[in-house]
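Only one structure is covered here, and it is reproduced in the block below.
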Amino acid sequence: MRGRKTIAIISVAMTFLSLSFYLFAKGAGSAIPRSSVLNGAKKSPHGDTNILLLGLDSRRDNNGNNLPRKLLDIMHVGSSSSIGGYNTNTMILIHIPADGSHAVAISIPRDDYVNVTGYGPQKIKEAYGLAKYSSELKLIKAGVQNPDREKQSRDVGRALTIATVGTLLNVPIDHFAEVNLVGFYDLANAIGGVQVCLNHAVNDAQYSGAILPAGLQTITGAQALAFVRQRHGLPNGDLDRTHRQQAFITGVITKFRTQGLFGDLGKLKSLLGVAQKDVVIDTGWDVLGFLPQAKALTGGHITFHTLPIEGYAMRNSQSVNLIDIPTVQKFTHDLFYPAPKSTASPSPSPSSSTKSATAKHFNYAHLANGGAVNGAGIPCVN
């Protein structure tokens, strides 16, 4: 009889926990700020999903308010709200096949020189800010006040950025998630730190504030933000920063996988708080329905790549990345829609899918400059 009571109690407890998790996830879907910029947009074929992650380098919150000076000082990002403007310094497109096979993520270097509709050739990171600024002037003239003005003008910036990425890579964008500057800081704190690995110690106190030793380590808060922002003192500048961003996401995924954060309602509550404050997603994204795919991603079923460039140049007194449109589109297509295994060519790699270094063509595929460390599955980066 005691055994039956125990089983009954466990069953009730499991049912309660499952229901709580369901209600939490359902609530999370409605609590995260939404944008309608993808309403009516073309969808990926065959049930595949393309998700664009945008990291916004703004010193303002989602309502256009300046971030607290104390927080800016802690994050070592400067005190002026004009610093960074509304550049999208992080752009990562994730492709999730409908059949549940391996997902692929492609980082788009922020200085890639592309055509931005209405503004001509520009760094791709500037599409958001250019469109937002133009829209904001019109909204000011129309008498629209914040926070509505901020939300509406940001939507114009998002729409142009999404369109620019979709045109550049010749793929549809099904969903997007935008996180502001403080999001990296809050996320690292919410999950109790993120493991990363550095090939060499870094001291970038003057710019990003990154002062970190070599090797495997756990970073939180300001350290995490400095880690993903550093570009000064790195061999490949912004391209190495792209790897930092990939490494940070890999560390987050590893934490979810190894510590079962999906089953920790306390941690999930903290993450929801971050999402409510620092994140915006599209109105069509069913967060609850996405959970199975999210769990698959945190199981390690994803590989990171960086969009190849042809070299560097000066345009309008700015250093830019030169790219070849047919090359980057083929690179993306081959990763998203690989040929059947019987006739497949090798996956894109520095030696097989790109030109040689002497041709000034660079491809930092697979992220792992130094491989996994101590069996933790964390790649080492510069």
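The residues listed here are Tyr128, Tyr119; of these, the one that is among the aromatic types (Phe, Trp, Tyr), within 21 Å of the chain's Cα centre (by Cα) and modelled with pLDDT of 95 or more is Tyr128. Out of Val114, Val194, one residue alone is at pLDDT 95 or above and of a type in the set (A, V, I, L, M, F, W, C). It is Val114. For region 111-118, the criterion of being in a loop (DSSP other than H, G, I, E, B) and touching a strand residue (DSSP E or B) at 6+ places or on another chain (Cβ under 6 Å) is met by at least one residue.
Among the numbered conditions (1) surrounded by fewer than 21 Cβ atoms within 10 Å (Cβ to Cβ); (2) in contact with a His (Cβ under 6 Å, 6 or more places away or on another chain); (3) not hydroxyl-bearing (Ser, Thr, Tyr), the only one that Ile106 does not meet is (1).
Okay, residues lined up against (1) within 26 Å of Asn170 (Cβ to Cβ); (2) of a type in the set (Ser, Thr, Tyr):
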site: Asn65; (1), (2): no, no
site: Pro68; (1), (2): no, no
site: Met75; (1), (2): no, no
site: Pro97; (1), (2): yes, no
site: Lys125; (1), (2): yes, no
site: Leu130; (1), (2): yes, no
site: Ser153; (1), (2): no, yes
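Residue check: is His243 surrounded by fewer than 21 Cβ atoms within 10 Å (Cβ to Cβ) and either farther than 26 Å from Pro33 by Cα or polar (S, T, N, Q) (or both)? No, not satisfied.
Conditions tested, residue by residue: (1) more than 28 Å from Asn321 (Cβ to Cβ); (2) modelled with pLDDT of 90 or more.
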{"position": "Val202", "(1), (2)": "no, yes"}
{"position": "Ala210", "(1), (2)": "no, yes"}
{"position": "Thr250", "(1), (2)": "no, no"}
{"position": "Ile253", "(1), (2)": "no, no"}
{"position": "Gln259", "(1), (2)": "yes, no"}
{"position": "Lys267", "(1), (2)": "yes, no"}
{"position": "Lys295", "(1), (2)": "yes, no"}
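Is it true that some residue in region 118-125 is in contact (Cβ under 8 Å) with a residue 24 or more places away in the chain and of a type in the set (Phe, Trp, Tyr)? No, region 118-125 contains no residue that is in contact (Cβ under 8 Å) with a residue 24 or more places away in the chain and of a type in the set (Phe, Trp, Tyr).
In this structure, Lys132 does not satisfy being out of contact with any helix residue (DSSP H, G or I) (no Cβ under 8 Å at 6 or more places or on another chain) and either assigned to a strand (DSSP E or B) or among the charged types (D, E, K, R) (or both).
The values are calculated or read from the model by the stated rules, or taken from the named source; none is laboratory data. As the structure is a prediction and not an experimental result, all values here were calculated from the model. When we count neighbours, we look across all protein chains shown, and the Cβ atoms used for this are built from the backbone with ideal geometry, even at glycine.
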